[in-house]
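Visitor: Sharing a structure, written as structure tokens. Questions coming.
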Amino acid sequence: MIPQLVEVRDEQLAGWPLARANYEALAHTERRSINIGPLQGALQCNPARIVSTGARTDAASIGKRPCFLCAANRPAEQLSEEIIPGWEFLVNPYPIFPLHFTIASTQHIPQGDVPLEMASMAERLPGMTVFFNGAKAGASAPDHLHCQTVITSELPLMRYLEEGRNPDALPFKVHYSVIRPDVEGMIRLHLLTNSSGPDSLPGCAESGLVNAYMWIGEDGMLRVAVVPRKAHRPSCYTTGSGAGYMVSPGAIDMAGVVILPRRADFDSITQADVDKIYSEVALPPSGTDGMSEINK
């Protein structure tokens, strides 16, 4: 599937100069390693992502701009195709990884509950992880239901879970299940660890404070990881030039790749800063105070 997606991306970039420039810029993206609890994560300086990281997501700001995920408002160059009924597959023009797509609902409805259609999307995209940012957990377009997808191996959290380590040892709560379609039209949850996972998912989704991931494992099973959140942005978040960092954690950040669009932030942020950011936006595991406890 991944070679086919490369063809889809290349076809799109051939006719869309803005997107092509942003994908070419990824070759010059800088990274450095950082620990996120037990994850071997990374900081990534990605200037093009300032569009998302710096997005105003309050109702007044959203009401003043046309929705860029609605077909009527998209750039003329942006191609789309149906991946499953009711969902369109689009090249993301502001990529974090060399293969980065958005999967947008054909309806202009807000981000809400985790869409169960993600399971069907993941089955159509082996080798990729489909992820969802809740309305208050990283979504820069909370007014239009959408998911995104990148190569599974790019995400430290997914690599960590695939290696069979205990998700309860992470520096934030993860409800980790395996889904397998037992009969057509029915999905059964096969829980690997936290038995409260399926029961707590609706409550997390309703608040908008959740990131969710679905992907196909090497065994052909569809995996689901849900990261409940306690905040959208950390106290250090700023779009100004004073103290603070322009960092707005979404699903990719919660999966171990911290996106920093400003070079000054990338150069100056420390391990202690990253620990504090995660302690403020992620729910800590039971019995701990957060990231600091994990790193002791």
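The values are calculated or read from the model by the stated rules, or taken from the named source; none is laboratory data. Worth saying up front: this structure is predicted, and the values here are computed from it rather than measured. Backbone-built Cβ (ideal geometry, glycine too); neighbour counts: all protein chains shown. Accessible surface areas use protein heavy atoms only, side chains included; no ligands, DNA or RNA. Shrake-Rupley method; radii C 1.70, N 1.55, O 1.52, S 1.80 Å.
Visitor: Could you give the length gained by full extension between residue 1 and residue 40, i.e. 0.36 nm per residue of separation minus their alpha carbon distance, to one decimal place?
Guide: 11.4 nm
Visitor: Treating only the Cα positions of the stretch 1-82 as identical point scatterers, give the base-10 log of I(q)/I(0) from the Debye formula at each q in 0.13, 0.15, 0.19 Å⁻¹.
Guide: -0.67, -0.86, -1.11
Visitor: Hey, if you put +1 on the Cβ of every Lys and Arg and -1 on every Asp and Glu Cβ in the stretch 1-159, which of 70, 48, 121 ends up farthest toward the positive end of that dipole?
Guide: Of the candidates, 48 comes out farthest on the positive side.
Visitor: To the nearest 10 square angstrom, what accessible area does residue 117 show with a 1.4 Å probe?
Guide: 80
Visitor: Hey, another quick one. Just the accessible area for residue 29, please: 1.4 Å probe, Å², rounded to the nearest 10?
Guide: Rounded to the nearest 10, the figure is 40 Å².
Visitor: Whole angstrom only: what separates the Cα centroid of the stretch 1-51 from the Cα centroid of the stretch 224-248?
Guide: When both Cα centres are located, 21 Å separates them.
Visitor: Accessible area per residue of the stretch 23-105 at 1.4 Å probe, in Å²?
Guide: 48
Visitor: Could you check how much of the accessible area of the stretch 1-81 is carbon and sulfur, as a whole percent, using a 1.4 Å probe?
Guide: C and S atoms contribute 54 percent here.
Visitor: What's the extension gain from residue 159 to residue 82 if we count 0.36 nm per residue and subtract their Cα-Cα distance?
Guide: The span from residue 159 to residue 82 would gain 24.9 nm if fully extended.
Visitor: So, one more: Taking the Cα centre as origin and putting +1 on Lys and Arg beta-carbons and -1 on Asp and Glu beta-carbons, what dipole magnitude results for the stretch 1-43, to the nearest 20 debye?
Guide: 220
Visitor: Still on this structure, please answer the following. Among the aspartates and glutamates, which have Cα under 17 Å from the Cα of residue 136 when same-chain residues fewer than 8 positions away are ignored?
Guide: Leaving aside aspartates and glutamates fewer than 8 places away in the same chain, those within reach of residue 136 are 58, 113, 206, 253, 280.
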